[in-house]
Structures are given as structure tokens and as C-alpha cells.
Amino acid sequence: MEVLPAERIFVLTNPNLRTEIVKQLPGVPKSQILAEPAQRNTAPAIGLAAHLIGQLDPNAVLGVFPADHVITKPKRFLKFVRAAYTGAAKGQMVVLGIQARWAETGYGYVEFPAGFEAGGTTPLEVLSFREKPKLEDAQQYLAAGRFCWNAGMFFWKTSVFGEALRQFMPKTATLLAALPKATARNFPAELARIFPLCENVSVDYGVMEKATQITGLATDDIGWNDVGSWNAIYELLSRKPGDNVSQGESLAIESRGNYVDAGKKLVALVGVEDLVVVDTPDALLITTRQHSQKVGEMVKLLERLKREDLL
């Protein structure tokens, strides 16, 4: 690990993925790969991490990195990571902003002062956080030139985040503070009892939008992409705008900008643009690349319908 040794890395995931993650990260201690007993979004998850790490080192600086990102220029990225850790060590709450390349409605946005230059390593004032916008608002953000995508990468002292959580989400902070030490015999049972009672809210909405004196680094090209949507997969695999991308055999007539993954099945595209077609043995997904971020809403619908066989 170029910035931190493996023994200082913690992973929060869900019970279905923990076993596979343990296999993929043999250098990270198993006790530091935790399965959340319930989905409660990012604020309680980060609060749990800050609580546990703060028990080990009250002066620890915590970096938060979502797992579903691809960064193809790691050396450039590490320059910003080191600068963010430096700022956080001074007591700042630091966010990394990603250059907005199109009017994306599936990401939140970070507003920097007008005239800022991307690529600097001195943290800038963050004027506001904007949650996932409507298309019209996203287009305005892109045109304004002072908004970056919020990739969910944050840096702060555990003590600083703990204080912010107590101020803006006191219920969740109180619940997490009641947890025993991670080494205690009753920790798993208490975590299973307490964590589901936490508020189900993102750290952006629950903390960052309400906090003051937030700073950020506006990254330049670090080769970032969020592989949490099929459109992101298309962006990674397409060589130029308008390409049709297929993971299997496909034929296209007067069609452009489509992503197809249908295994061994031949897919014929006729007169369609910007579609996502994903065929699996038990389900077929058809959407547009513009709406591919909303697939998560379909997952939530399947959960409400108790269709565990499809999840």
C-alpha cells in the first residue's frame, strides 16, 4: 500500500460480500473487514468506522474511499490523497472533487469558489454540497464551471467527524458511542442490536451539507470513474463517443452509444441509441444510459417485494 500499510485499513461491507472480500484482501486483518448488520447508508457506516478507529488511535486521520470506483492514474490520484491527509491532520474536513465531464444526475456536486483551478494541492473553501440534482440543475452546474462531482472521498480526524456526528446526528452518535470495544466478546451481538437503530441517511445529507468550514481539493484528470452504474461501464469500455459496446456477440444497424451484455446470446440492435441491455439467466434489464443510475431503485423495489431470489 503506497499511502497506508494494510494493517491500518478497515473495510465495511455487507454479509453477502465479506467472505469474498477477505479472499481478495489477504493483507488486511480479517477482524478489520466488518459486515454491517443492516443497510443504513454512509453516515452510520462512517460513524462506525470513526468510532472503532478512534478507540485504537484517538488522533487517527480517517480517509473514506468508496469501493466501486476505478482510478486509472493512481500516481496522480495519490498526490491529492496525501494533500488531503495533510489538511485533515490540521483539523480540516476535506473532500475530493472530481472534474465534471457531463451533466450527471446520479452524483452529488461540490461547489468551489469561482475561478478556482483544478489540480492544486492546497485545500479550497467548499461553498456548498448539492445532492443528486435534476437534469436542468446538473446542466447549470456544468455550465457554471465551479462545480465538481462529489465522489464520496472524505478525510478528517476521527475526533473531528465524531464531533460533527454528535452535532448533526445525535441519535446515531449516541447509539454508536454505546458500542463496546471491537475486541469485546459481546461486540458482534451489540453491533447487530444497535446498528439497525441508526438513522438511514448519507453522510453528505446528514453531516456535510450542514457543517461549516469544509475544504476540498479539486482534482484534475486522475482517470476516475464510478463503476456503480452501467453507464460508467460503458464509459470505461467505449473507445469514442457513439461506440456500441458489447460483452458478447451483437449486430447493429443505425444504432449508436449502446451497451449490451447478454452472454452467448446474439443481440441485434436496430435504430436505437444509448440503451443498456443486460441479460442474465433470471432477469433482463433494459434501460437508457441516462437512467442507469436508477437501477438501484429497482433493487429496492425487489427488496420490498421480498424477491431475494433476484438480489
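All of the numbers you see were taken from the coordinates with simple rules; none came from a lab. Quick caveat: nothing in here was measured; it's all calculated off a predicted structure. A quick note on method: Cβ atoms are made from the backbone with ideal geometry, for glycine too, and the neighbour counts reach across all protein chains shown.
Listing for the model above:
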item	result
Virtual paramagnetic centre 7 Å along Cα→Cβ of Gln167, amide N under 12 Å, in region 88-126	92-93
Alpha-carbon centroid distance for the pair region 39-99 / region 232-286, whole angstrom	35 Å
GNM flexibility winner over the chain from Ser229, Ser255, Ser128 (Cα, springs under 10 Å)	Ser255
Rh by Kirkwood over Cα pairs, then Stokes-Einstein D for region 36-226 at 0.890 mPa s and 25 °C, µm²/s	142 µm²/s
Only Lys, Arg (+1) and Asp, Glu (-1) charged, at Cβ; the chain dipole about Cα centre in debye	840 debye
Most fluctuating residue given options Ala192, Ala45, Ala173, as computed from a GNM of the chain linking Cα atoms under 10 Å	Ala192
Between 0 and 90°, nearest 10: helix 135-144 axis offset from the chain longest Cα axis	70 degrees
Distance (nanometres) between label positions extended 7 Å along Cα→Cβ at Ser31 and Thr121	3.5 nm
Selection from Phe147, Val207, Leu56 lying farthest towards where the dipole of region 36-226 points positive, charges on Cβ	Leu56
Helix 158-168 vs. the chain, principal-axis angle (Cα, 0 to 90°, nearest 10)	80 degrees
Reachable lysines, given that their alpha-carbon falls under 17 Å from the alpha-carbon of Lys294 and they are not under 8 places away in the same chain	Lys132, Lys134
For Leu269, distant residues with modelled amide H under 5 Å away	Leu251, Ala252, Ile253
Distribution of pairwise C-alpha distances over region 172-234, 10 Å bins, in %	16, 25, 28, 27, 5
Angle in degrees between helix 74-89 and the longest Cα principal axis of the chain, rounded to the nearest 10	30 degrees
CD proxy at 222 nm, helix term only [per DSSP H run n ≥ 4: -39500 (n - 2.57); per residue of the chain; nearest 500]	-9500 deg cm²/dmol
Calculated from backbone phi, Karplus (6.51, -1.76, 1.60) coupling profile of region 53-66 in Hz, x at Gly/Pro	5, x, 5, 7, 8, x, 9, 5, 9, 9, x, 10, 9, x
Semi-axes of the equivalent ellipsoid for region 230-310, Cα gyration tensor, largest first, Å	24, 14, 10
